[in-house]
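For reference, the structure is listed below as structure tokens.
Read-outs throughout are calculated quantities, based only on the coordinates presented, and are distinct from any laboratory measurement. Predicted model only: the values in this text are computed from it and were never measured. Quick reminder, even Gly has a Cβ in these numbers, built from the backbone with ideal geometry, and neighbours come from all protein chains shown.
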Amino acid sequence: MSQSDPNVLLAALSRFEALRNQSPCKAQRRFQRFAVRGEALLRTLKLAGFDEKPIYVMLRDIGPNGIGFLSDRPLEVNSHWRVSFLNRGCVIAEQAMVIRHSRGFDQQVHLVGGPFCADPGLLCVLGIDPRAVQVGDGPTITDGSAILAPEKVI
């Protein structure tokens, strides 16, 4: 697990609150985002990263189609992760996601976020090759961008 001090991430989260209302993405979002304070663990969906330790993150906001959080390290844009939402140290839910932005604000804090995506394990159980999921496979919104379906799930 990442060695982040939760207090460092929480202090950074407080500094970012002023940025929430200034975000140029706010007008482009189809769904409202809700401010949250919580913990989560990220695990990569790459087969090569199967044995990697999870990354501890602090949740910043969540909506029906994605999340924003703070991490102690940058995450690669277009990489795929399983987010395990925690409550009192217990996993209460999991969701697959694709990273769409990762901005560093200092050496210790990175603002990261992106949409939820189809879980590759579920796709396999349903008989769908997760590598077949392409951008544009899901419904589109008015600007023509896909709601779901990252470039390739794995």
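Points worth noting:
- Among the GluC sites (Glu not before Pro) within the range 33-86, those in coil by DSSP and having at most 12 neighbouring Cβ atoms inside 10 Å are Glu52, Glu76.
- Local electrostatic count, Arg82, Cβ distance below 13 Å [Lys/Arg +1, Asp/Glu -1]: -1
- Here the calculated FRET efficiency for Arg131 and His101, from their Cβ-Cβ distance with R0 = 25 Å, stands at 0.55, rounded to the nearest 0.05.
- Residue exposure sequence - Arg82, Arg73, Arg103, Arg60 - by fewest surrounding Cβ within 10 Å: Arg103, Arg73, Arg82, Arg60
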